[in-house]
Structure formats: structure tokens, C-alpha cells
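Let me begin by presenting the structure, written as C-alpha cells, before commenting on it.
The values are calculated or read from the model by the stated rules, or taken from the named source; none is laboratory data. If you're wondering where the values come from, they're calculated on a predicted model, not measured in any experiment. Reconstructed Cβ throughout: ideal geometry from the backbone, glycine too, with neighbour counts over all protein chains shown. Accessible surface areas use protein heavy atoms only, side chains included; no ligands, DNA or RNA. Shrake-Rupley method; radii C 1.70, N 1.55, O 1.52, S 1.80 Å.
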Amino acid sequence: MFNSKFGSVPKFYVRAPGRVNIIGEHIDYCGYSVLPMAVEQDMLIAVEPVKTHILQLANTNPLYPYWVKKKMKITLSLPRRDFSTSANNIQIDKTKPLWHNYFLCGFKGIQEHFGLSDLTGMNCLVDGNIPPSSGLSSSSALVCCAGLVTLTVLGMNLSKVELAEICAKSEHYTGTEGGGMDQSISFLAEEGTAKLIEFSPLRATDVKLPSGAVFVIANSCVEMNKAATSHFNIRVMECRLAAKLLAKHKCLPWEEVLRLEEVQAKLGVSLEEMLLITEDTLHSEPYSPEEICRCLGISLQELKTQILSPNTQDVLTFKLYQRAKHVYSEAARVLQFKKICEEAPDNTVQLLGELMNQSHVSCRDMYECSCPELDQLVDICRKFGAQGSRLTGAGWGGCTVSIVPADKLSSFLANVHEAYYQRSNRSLVPEKQSLFATKPGGGALVFLEA
């Protein structure tokens, strides 16, 4: 297809994997550790550097224009799968989560890191088998893929950690205020092991998963693109506001505080103590912008221009207590999960399953990032043998991840397929994209032959 599109052959290929977050949801952007693994599904880009200054991008998947239309509810004509622009004039429209914007994020991140202004062009054909809007990080995988493509074309070198940090920062060009988990695991993943990803500084530690269990991904078939709505950024801002109110209450320099982890670090207390401080400091009723201003001693204009992101400035209520409770309890569950994996007691699978179940309840009730279909799918997975099941990814749709005893895998897959997929039109989704066992895969790489 590359030849028919560009009349030439690619010089090299880059792949970057998607990921499943086993536990630690919505806490990376709060400064806390997460525990993901790369999946075998990936994004793949075939690349030919050219002497012009034009980026020519094409996508093998004819459904991408449909996904964009569905997410944005656009009634205009469908965008094309092909896109071209000057390599020296990258413009990213935050209002439209078009697939090529994620490529441009990776490209722009490398360009700005090296301070380059006269870049060569390239022909790129994008392919991939990560289901989009499924919570398996197809968009971040494309950003990482594009960053590595650009680095390779330039003939420059960066460490995996540097690449991950650049791609995490550059994805913000889409308007999503995400953390660095997706990009970190895409680069730092190793086959056969999950990773504890820690931040400031970024580092990854192997976590050996129990051999007697399998992790199964199930797609709810409800698509949610976090760049297309304000749900995600509202949660980021609620956590930021909670951090500032907690810091102000404890007489810390709240103006400097952005993340809930910073409050814990400055106080030098445990996560359990932070939960108690949250109980004592924040009330469970939603906060209005006016009340937040009174608590912080600032004007409404200062709140909107100095703290809130552009697409959260008109939000009327913020649930600070619930979001902080989720973050601190979820951060503790990540550490417990790692500890259990290390100690490997006889009931390891049961204990890990209980933590995953607690995580889903917290995501559903305290963070409110689930949806009826995800809750139904979690219940079905538990009913048919999963020791634990939870939403994974941003939520509001996408996938669940379940821990299933290895000897129950075949019956589990058959029963879940019948109960959730065959009884609705969800069975129209390709089975390999809807329900599958997975194991830790390797990270992003460059290769010369397909």
C-alpha cells in the first residue's frame, strides 16, 4: 500500500505498543506511581524521508474518519485519511481530535526539544491494531511512534526516558492534560514483565505478575476519546484544586502546588494519613467556583486564568473530596499490588483481584469515570470466574481488565463472549479487538524490514 500511495518504498518502520493499566487509574497526573504493561497490539508507521519539507501522512484504516465524526458529532463531510503539511509550520487544532494531530504532537515535541527550524519532510503510512477509543492508549502510542520516527529521520539519539518525557509533554498539544503513564510504558516496556512507573524523576521497576493467572481485556464497545470531551480535564482540575485547598489548609505554599502527591510530600505523611486529612479538610458536597475562590482568597478571574484549563473555565461545580479520596486510596492500592506480587503468598491471585475490585468501585463511585456498560461488563467478568475486574484507561467507555485463574481462561472467554457480546450487536466488533488474553509485551522500536 505504501508504494501505491507514495510511489516508492519505505526505508524503515517504527512500532509503539498500546498498554493496559492493571491498577492505578487517574493518578499519574497527580504525581503517583502506576502499574501498567504494554500489550502486543501496537501502532506501526512505515517511513520514507524525502528531500522536500513536506510531511505526507496516510492511514490504512478507512474507519478513522468515521471515529472522528462520531466523537465530535460533526455533520460536515468526513475528513480524509490523508494529510499533508509543511514540516516547518506545524499547527495542531485542539478543538478536533483528528488522528494526524497525534502524529504532529510527536513530531513537534522532537522538533522543539532540539530547537530545529529547518526539518526534512517524510512520507509516512500509519497502521495499527489497537482499538481506538478503547482505553488501551492508541493515541499515545501514535504520539510515541511519531516521536521515534522523527528522531530516527534526524539521525539523533535520546534515551527512552527522555523520549517518554518529551512525548508526554507534547501530547498536551491536543488539549488533554494527561500524565506520563502511557508514553512511559510505550518506551520502557519489556517483554514478560509489568512495570511500576514512578515520576519525578521518571523510572520503571519490573513487577513479576503471578504465573497462575492471566490478564484478560474486554472492550465495552463504548468509545470515549478524552480529547473530544472535557470529562478528563475536569478531573485533572478537580485534583489540582483539591491539592491547593489541602495545601492552604495546612499552611503550605499552595500557589506552587499542582498535584496531590506534592501535598503528601511536603507534609511528610503516609497515604493513610492523607486520607484522614482529606476527610477533615474537604466536604463531600460539590464546591462552586465562588467557594473555591473564598477558600483560596483569590478572584474568580484569577481562578479562571491562573488555575483552570481553557475547557474547564465554565464548569459550575467541582467534586474535590471525592477525587482526592480516590487518588490517595488508589495510590495506596498500587503499592499494595506491587508488594503482593513481590511476596507471592499462596492467595496472590485472590488478593490482587480484591485490589482491582476496590479500584473499580472507587473509579465508579468516587471518580465517576465508569459507565453502565463498563459496570455490566465488570459484573459479567466476575460472575464467570475473574478474581478481580476493573475499568482500565480513562474510563467513560473503553475496556475492562480482569485477572483470571489460568485454568479457567477458556470457559471465562466463552461465557463472557456469550453474555456480553452475542446478546447484542456488540458481536459485530471483531473478536480479537473485543475480548482477549494478553501478556506483557516489549516497548517501542525501529526496524528496517517489515
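Quick notes
- Hits in segment 247-266 - residues which are part of a helix (DSSP H, G or I), open to solvent by 20 Å² or more (accessible area, probe 1.4 Å) and in contact with a helix residue (DSSP H, G or I) (Cβ under 9 Å, 6 or more places away or on another chain): K248, H249, W254, E255, E256, E261, E262, Q264, K266
- Pair list, Cβ < 9 Å and 6+ apart or interchain, from segment 102-123 residues that are open to solvent by 20 Å² or more (accessible area, probe 1.4 Å) to residues that are of a type in the set (D, E) and modelled with pLDDT of 95 or more: H113/E162
- Top-ranked residue of segment 267-286 - restricted to ones that are in contact (Cβ under 8 Å) with a residue 12 or more places away in the chain and under 27 Å from the mean Cα position of the chain (by Cα), ranked as most open to solvent (accessible area, probe 1.4 Å): E272
- Enumeration of residues in segment 405-426 that are modelled with pLDDT of 95 or more and outside any helix (DSSP H, G or I): P405
- Test: residue in segment 231-238 that is at negative phi, surrounded by 24 or more Cβ atoms within 10 Å (Cβ to Cβ) and not hydrophobic (A, V, I, L, M, F, W, C): yes
- Segments classed as helices (runs of 4 or more DSSP H), wholly inside segment 278-395, with at least 3 members that are under 20 Å from E177 (Cβ atoms): 289-296, 320-343
- Taken over segment 62-84, the criterion of being buried (at least 17 other Cβ atoms within 10 Å of the Cβ) and at pLDDT 50 or above is satisfied by Y64, R81, F83.
- In this structure, Y13 qualifies as among the hydroxyl-bearing types (S, T, Y), open to solvent by 10 Å² or more (accessible area, probe 1.4 Å) and either assigned to a strand (DSSP E or B) or modelled with pLDDT of 90 or more (or both).
- Extreme residue, nearest to K5 (Cα to Cα), among residues of segment 105-127 that are assigned to a loop (DSSP other than H, G, I, E, B) and not polar (S, T, N, Q): L119
- Within segment 297-330, being closer than 22 Å to Y173 by Cα, of a type in the set (S, T, Y) and under 23 Å from the mean Cα position of the chain (by Cα) holds for S309, T312.
- Residue among L196, L148 that alone is over 16 Å from the mean Cα position of the chain (by Cα), farther than 26 Å from T312 by Cα and touching a residue at least 24 places away in the same chain (Cβ under 8 Å): L148
- Selection within segment 1-25 - in contact with a Cys (Cβ under 8 Å, 6 or more places away or on another chain) and within 23 Å of A386 (Cα to Cα): V20, E25
- Residue check for K244: open to solvent by less than 50 Å² (accessible area, probe 1.4 Å), among the basic types (K, R), more than 19 Å from E330 (Cα to Cα) and in a helix (DSSP H, G or I): yes
- Conditions (1) open to solvent by 30 Å² or more (accessible area, probe 1.4 Å); (2) basic (K, R); (3) within 29 Å of the chain's Cα centre (by Cα): number failed by R294: (3)
- Answer residue from segment 206-223, given it is in contact (Cβ under 8 Å) with a residue 40 or more places away in the chain, open to solvent by 10 Å² or more (accessible area, probe 1.4 Å) and in a strand (DSSP E or B) and is nearest to C371 (Cα to Cα) among those: N219
- Filter result for the condition that a residue is within 30 Å of E40 (Cβ to Cβ) and either assigned to a loop (DSSP other than H, G, I, E, B) or touching a Cys at 6+ places or on another chain (Cβ under 9 Å) (or both), over I90, I130: I130
- Here S186 clears all of (1) in a helix (DSSP H, G or I); (2) within 26 Å of A324 (Cα to Cα); (3) among the small types (G, A, S) except the condition numbered (2).
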